[in-house]
Amino acid sequence: MTTGNDKEQELLCQEILADARRECDKILQDASREAGALLARTGAVDESYRKTKLEAAVNEADGRRESVFATADVEARRMESEQMENLLQSIYGRIRQRLQAREGFDYREMMFNLAAEAICNMTAGKYTMRMSAADHEILGDGWQDEIRRRAGRNTFEIVIKDDSGITGGGLIVEDYEGGEVWDNRLPARLQRMWPELRIQIAGQTGLLDLDIETGDKT
């Protein structure tokens, strides 16, 4: 048998449970709203962070790309310059070989011109002209008069001295007392002329746009 007190207690429990459900629903709603707001804020932060990182990555990629391009350009220019220098040195080597082989020119005529050129740049009255014994024979008879004629001077003497140390052709002229020396050995003369020759070669072959050095090469 249910008493009045029991009914009152049951109604009270039901009200308490209803209040609890309402409070729970309110708490859940508030929590949901807060969670939504938090997620929205987090999303905004994430999006901002993502954009920042993306921009940083793009900037870094651009920087790396520019660096790669710059490095590649420098390397390409270095390789091009190196190849052109190798080409010029190959030309230098071929010229030197032709001089040593005495190809494409009258070697005897050249020896007279080398001697006359040296004497024209000196002021002594007597000279020692050093050359190989084989080149001495090439000059033949009348060589002293021929050198005087080409030098345009008749008031000097020349003494030829065979020198086994001169192996690349050409000659060395010095005044008899050894004060002035003019080195017209072919390798030495080519070395002196090479800076100007390489500029001429570069100009004739269209290589002047390259950064070609003009220092002497041995």
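Yes or no: Q83 out of contact with any helix residue (DSSP H, G or I) (no Cβ under 7 Å at 6 or more places or on another chain), in a helix (DSSP H, G or I), modelled with pLDDT under 90 and under 22 Å from I172 (Cβ atoms)? So Q83 fails the test.
Of all residues in segment 140-179, exactly one satisfies the criterion of being assigned to a loop (DSSP other than H, G, I, E, B), surrounded by fewer than 18 Cβ atoms within 10 Å (Cβ to Cβ) and touching a Phe, Trp or Tyr at 6+ places or on another chain (Cβ under 9 Å), namely Y176.
The values are calculated or read from the model by the stated rules, or taken from the named source; none is laboratory data. Remember, it's a predicted structure, so these values are computed and weren't measured experimentally. When we count neighbours, we look across all protein chains shown, and the Cβ atoms used for this are built from the backbone with ideal geometry, even at glycine.
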